[in-house]
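Written below as structure tokens is the structure these notes are about.
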Amino acid sequence: MITHFCLPASRRLPAVLCTFGLLLPLALGQDKDTAAVTNPPAHHGIAVENLDRSVQPGDDFYRYANGGWIARTEIPADRAGIGVFSILADRSSKNIAAIIEEAAKSKAPAGSNARKMADLYNAYMDEAAIEARGLKPLEPHLAEIAAIHTRHDLTVALGKTLRADVDMLNNAVFSTPNLFGLWVAPGFKDSDHYMPYLLQGGLEMPSRDYYLDQSQHMKDLRVEYYSHIATMLRLAGFEDSETRATRVIDLEHHIAEAHISLSDIEDIAKANNLWTRADFAEKAPGLDWDAYFEAAGLGQQKEFMVWTPTALTGEAALVASKPIEAWKDWLAVHLIESYANVLPHNLANEEFRFFGKIMSGVQQQRPRWQLGVNLVNADLGDAVGPIYAQKYFSPEAKAQAQAMVANLIAAYHKRIDQLTWLAPSTRAEAQAKLDSLYVGIGYPETWKDYSTYEVRSDDAFGNSWRASLWKYDSEIARIGKPVDRHEWSMEPQTVNAVNLPLQNALNFPAAILQPPFFDPEAPPVVNYGAIGAVIGHEISHTFDAEGSAFDSKGRVRNWWTPEDHAHFEQQAEKLEKQYDAYEPFPGIHVNGKQTIDENIADLGGISAAYDAYRASLNGAEAPEMGGFTGDEQFFIAFGQNWGSKAREAALRRQVLTDGHSPGEYRADIVRNIDAWYAAFLVKPGEKLYLAPDERVRIW
Ligand SMILES: [Zn+2]
């Protein structure tokens, strides 16, 4: 799973690249002309200059692999952090900017993708026009909210805000400011057809902990949040902004109480709830569901998958019990927040001050052109995609990446054959999953058709409004239709990778198949340690706690025996404890349970990548480079995937809300691999040392 870090509403966590997880909302920073950091490295292979050889690999492998880079790198003022992912994202961002510039110069005909990209970008860049329009674009929407007098009016208004803005399995987008979020995806039982899934929503801050946690840090944040909401309301022309802010926050507090935790959201068994329309009235009274669905354009839909049933129940009750005035203020605040980036400066700046500076520690806003690129990428990503793929991903690179994938899959086949803890029937289904796995490399086979998305060169607000509706309408039009298993969930220009469990498919976009992750000219051993471990990570999700819930056809079906589960749980618990012990801030530990799936994927990924690299040599040793053996290069390349620096606020947020561990601890997964001990002569007494029987082995 992963997220679009280029959501137009920049306040939201540029989500978390799940599956392979970007480490953070690493804002794409960087000025267009300071190209140094974004250029691909001149050399091929591991970055020796990034090492810190004063550190023992066995004491702190992450700093050994990245200490030199950490020492000389500063986090740019316009970012929450920096790392390999964000550096590659910068490069992709610059390339996309060039694509948009070319589109603008081409004088493409109205209605073409090129013209839409240019108009979307230019409308956003025309700050004078946005200032001149002032609050006008908001007026009709605020008037609709002001006209709410009854619970029925309120219900209709809530229904109209439903958007296709969450994604619980592929892109790990677990939050929406709307009452609920909709995801359209293959059904749990019938994975051949698309179903609507409903998720809890309604909060502006990233998760329930921000409202309920009693630590001083969170209490202070809530004081800031209150002043932020009051300011936004005042700037949008509301009187009594403080009274209104108090009401909104009280309502959000109650919504947070109804929410379930992130680790519960990730539990597929808890999400498997098929509700008929009659179930909604019975199980979640308080909201007139018929009116709600009718307003959402889903009046005809008979069944929904309800991901978070207790939260729906709790939130529906609040629609009945909380004052209509509070809900009206809440609707207004959520509207203004969602579109602040296409409204006058004072609103956009205040939105950034809270969500960028205070919540993530970013000191200054990114350059406008980059925000414009992000916007085009988010709303017209499949218009950019084919051009990007054609320009930046050669057929030779694609063939080489496909060969690596084939070797990784072969390595998993062998590993699974040799796993004694899995029952024979389970092993057979695991092999079947590998056989039917669709692995997309570089770019998709089909592209979205934007012909019904209207873009105007002078209407930044309207463009964003229509983009969100266009996406929603396109998604709900898919409900009930046959599933395309080869459909992608990520654009080629996105620096990430993803596992799509309901399609039994993986996507590796062109933008992650770039140095240092993947360099067709680097020694193969380095590619195996870097991108090979990423590919292995994604494949591993096919069999993990999440993957064990989906069979080779993508259906939700438990194909493990109770004994398989028992053994798996026991090993997983060992790994949970390993991660629980990591303490990025005094008193703040990594949450082993919340990050278990990703940590297991990292472990499986590097194990299989190591086997694949060894198998590719047919028993020979990889050539030494710069005094490093093949195995040393392999592990260093892996460790260098995770080189990153983050601001404290952003790192705290990641620890609380992300399914991935911070990069440092992802690098340290090597302590479970025997070959790492041999490669670096790691001895008992060194900090990362684990005795052979303490090392976790799962896949
Ligand atoms: Zn993952």
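The values are calculated or read from the model by the stated rules, or taken from the named source; none is laboratory data. These figures come from a predicted structure and were not determined experimentally. Cβ atoms come from the backbone with ideal geometry, glycine included; neighbour counts cover every protein chain shown. Side chains are part of the model used for accessible areas, which takes the heavy atoms of the whole protein and leaves out ligands, DNA and RNA. Shrake-Rupley method; radii C 1.70, N 1.55, O 1.52, S 1.80 Å.
Points worth noting:
- Sulfur and carbon atoms: percent of accessible area, the chain [1.4 Å]: 54 percent
- Counting only heavy atoms of the protein chains and using a 1.4 Å probe, residue 59 has close to 50 Å² of accessible surface.
- Sparse-neighbourhood loop sites, GluC sites (Glu not before Pro) in segment 353-453 - DSSP loop, at most 12 other Cβ within 10 angstrom: 445
- Across segment 105-246, Cα pairs under 8 Å and at least six residues apart give a relative contact order of 11 percent.
- Per residue, segment 214-299 exposes 47 Å² of solvent-accessible protein surface, assessed with a 1.4 angstrom probe and all protein chains in place.
- Only helices reaching 20 angstrom along their own axis (Cα) with mean Kyte-Doolittle hydropathy no lower than -1.0 count here, and for the DSSP H runs of the chain these are 84-105, 216-235, 241-258, 324-339, 395-417, 460-478, 596-616.
- Using a probe of 1.4 angstrom and keeping all protein chains present, the accessible surface of segment 553-660 works out to 39 square angstrom per residue.
- Computed log10 I(q)/I(0) for the chain at 0.06, 0.07 Å⁻¹: -0.33, -0.45, from the Debye equation with unit scatterers placed on every C-alpha and solvent omitted.
- Residue among 62, 268, 161 farthest towards the positive dipole end of the chain, charges placed on Cβ: 161
- The heavy atoms of residue 616 present about 50 square angstrom of accessible area, all protein chains included, probe 1.4 Å.
- Take the Cα of residue 368, step 7 Å toward its Cβ, do the same at residue 435, and the gap between the two points is 5.9 nm.
- Computed FRET value (nearest 0.05) for residue 242 with residue 128, which takes r as the C-beta separation and R₀ as 30 Å: 0.40
- For segment 359-417, accessible area per residue (1.4 Å probe, heavy atoms of protein chains only), Å²: 37 Å²
- Point-to-point label distance, residue 486-residue 689, nm (Cα→Cβ direction, 7 Å offset): 5.4 nm
- When segment 124-272 is reduced to its Cα atoms, the Kirkwood hydrodynamic radius in Å: 17.9 Å
- Note on segment 164-181 and segment 348-424: Cα centroid distance 18 Å, given to the nearest whole angstrom.
- Stretchable slack from residue 681 to residue 425, in nm (0.36 nm times residue separation minus alpha-carbon distance): 88.2 nm
- In this structure, the pairs whose alpha-carbon distance is over 20 Å, taken from 189/553; 136/448; 481/553, are 136/448.
- Measuring only protein heavy atoms, the 1.4 Å probe finds residue 142 accessible over about 30 Å².
- For segment 610-639, GluC sites (Glu not before Pro) meeting the loop criterion (DSSP other than H, G, I, E, B) and having at most 14 other Cβ atoms within 10 Å: 621, 624.
- Magnitude of the charge dipole for the chain, about its Cα centre and with charges confined to Cβ atoms of Lys, Arg (+1) and Asp, Glu (-1), is about 680 debye.
- Note on segment 540-635: with charges restricted to the Cβ of Lys and Arg (+1) and Asp and Glu (-1), its dipole about the Cα centre is near 340 debye.
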